[in-house]
Amino acid sequence: MTQSDSRMDAGRAGDMPDGSPGTVMRSEHPHRSDTQTSKSSEIPESSEIPESSEGPETIDDFLGGTVRLIQPRHGYRVSMDTVLLAAAIPAHPGDRVLDGGVGTGGAALCLRARVPGVQVRGVDIQDDLLDYARRNIAFNGAGDDIAVEHSDITALNGVEGTFDHVMINPPYLARGHGIRPPDASKGLAHMDSSASLKDWLRYCLYHARVKGTVTIIYRADRMDEVMAYLHRRVGELTVLPLWPRTGMPAKRVIIQGRKGVAGSVRLLPGLALHGLHDRYSAEAEAVLRDGAALTLR
């Protein structure tokens with residue numbers, strides 16, 4: 001997989017329970033004439049762009065336009081999962097954060113927008129996505145705060161325990177389950193063919209400092225695998241269910257804990273993403289549009 005983000009129920013979705021960014025309004029990229037901008041008021045269900053649109057890239061607004069991402073029109077695209085993951089990190093200015101699977105830089109940039117001065121290092125195995133991440137870091141003026149590099153999460157490189165927070169959005173499909181998307185980037189992002197879920201969690205625990213946080217957004221129906229691995233390795237585990245809307249089962253959960261501490265598991269009241277008429281709930285709107293934090297601690 002890319003060590004990156006956003007997937008469907010079938011895999012590492014291009015959308016969360018109900019969506020991902022992508023509706024296009026025609027306007028030129030300031031540097032490239034083949035790029036259009038997206039300023040949709042909702043995050044649509046699919047990360048794909050309407051076929052009538054032109055050009056290989058789009059510019060998509062996140063957090064009400066505070067973050068802007070250059071993205072490939074087809075293939076791997078950031079979605080709601082990315083924004084929700086970034087909102088859940090309890091970082092402070094000056095904290096060091098590792099984004100395992102940085103993709104095109106969406107989570108890192110959303111976190112920086114909410115916590116100015118945070119220092120983020122992002123890693124990924126897909127060089128094409130890292131190229132987008134570097135462009136997006138420059139495009140958003142974040143070069144002093146965010147750096148990315150090519151790295152395989154199965155190789156535990158670097159000094160152990162150097163980050164205050166580690167965040168991941170790993171592939172949602174286990175190897176051999178489901179249909180792998182034909183697009184190479186999406187295929188790596190959706191299915192854990194290059195690294196297992198345990199590899200991802202092991203990577204988090206290696207790099208987080210003692211008492212630092214580990215945060216993962218994942219499929220609700222695979223939550224047991226995450227909890228089983230983290231048991232006795234991470235304490236004060238907190239689970240936030242993400243409901244498409246009130247009364248529906250959660251499709252995603254955010255799980256957060258602290259390395260090397262004791263403490264019981266807490267199941268929080270869930271977040272309903274949509275209310276009436278398919279609009280965001282007020283709580284989701286505050287996070288996805290206004291950049292509010294999701295408090296799990």
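For Gly263, the criteria (1) at positive phi; (2) modelled with pLDDT of 95 or more hold in every case but one, which is (2). Within the stretch 135-151, being part of a loop (DSSP other than H, G, I, E, B) and in contact with an Asp or Glu (Cβ under 9 Å, 6 or more places away or on another chain) holds for one residue alone: Ser151. Number of residues in the stretch 210-259 that are farther than 25 Å from Arg279 by Cα and of a type in the set (Ser, Thr, Tyr): the value is 4. Can you pull out the residues in the stretch 114-134 that are buried (at least 22 other Cβ atoms within 10 Å of the Cβ) and in a strand (DSSP E or B)? Once the filter is applied, which keeps residues that are buried (at least 22 other Cβ atoms within 10 Å of the Cβ) and in a strand (DSSP E or B), the stretch 114-134 yields Val120, Gly122, Val123, Asp124.
In the set (1) within 20 Å of Asp81 (Cβ to Cβ); (2) not in a strand (DSSP E or B), the condition left unmet by Pro241 is number (2). Is it the case, given these coordinates, that Ile255 is in contact with a Leu (Cβ under 6 Å, 6 or more places away or on another chain), modelled with pLDDT of 95 or more and assigned to a strand (DSSP E or B)? It is false that Ile255 is in contact with a Leu (Cβ under 6 Å, 6 or more places away or on another chain), modelled with pLDDT of 95 or more and assigned to a strand (DSSP E or B).
Give the residues of the stretch 118-134 that are of a type in the set (A, V, I, L, M, F, W, C) and either farther than 16 Å from Asp152 by Cβ or in contact with an Asp or Glu (Cβ under 9 Å, 6 or more places away or on another chain) (or both), sorted by residue number.
Val118, Val120, Val123, Ile125, Leu130, Ala133
Restricting Pro56, Pro30, Pro44, Pro93 to residues that are over 19 Å from Tyr132 (Cβ atoms) and modelled with pLDDT under 95 narrows the list to Pro44.
Residue by residue, here is whether (1) in contact with a Phe, Trp or Tyr (Cβ under 8 Å, 6 or more places away or on another chain); (2) closer than 15 Å to Gly100 by Cβ; (3) surrounded by fewer than 17 Cβ atoms within 10 Å (Cβ to Cβ) holds:
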{"position": "Tyr206", "(1), (2), (3)": "no, yes, no"}
{"position": "Asp224", "(1), (2), (3)": "no, no, yes"}
{"position": "Gly235", "(1), (2), (3)": "no, no, no"}
{"position": "Pro241", "(1), (2), (3)": "no, no, no"}
{"position": "Arg245", "(1), (2), (3)": "no, no, yes"}
{"position": "Pro249", "(1), (2), (3)": "yes, no, yes"}
{"position": "His274", "(1), (2), (3)": "yes, no, no"}
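Taking the stretch 55-104 as the range and being of a type in the set (Phe, Trp, Tyr) and outside any strand (DSSP E or B) as the test, only Tyr76 passes.
Filtering Gly235, Gly263 for residues that are part of a strand (DSSP E or B), under 24 Å from Leu197 (Cα atoms) and more than 17 Å from the chain's Cα centre (by Cα) leaves a single hit, Gly235.
Cys110 satisfies every condition listed in (1) closer than 22 Å to Ile217 by Cβ; (2) out of contact with any helix residue (DSSP H, G or I) (no Cβ under 9 Å at 6 or more places or on another chain) except (2).
The values are calculated or read from the model by the stated rules, or taken from the named source; none is laboratory data. All figures in this text were calculated on a predicted structure; none of them were measured in a lab. Cβ sites come from the backbone with ideal geometry, for glycine too, and all protein chains shown count toward neighbours.
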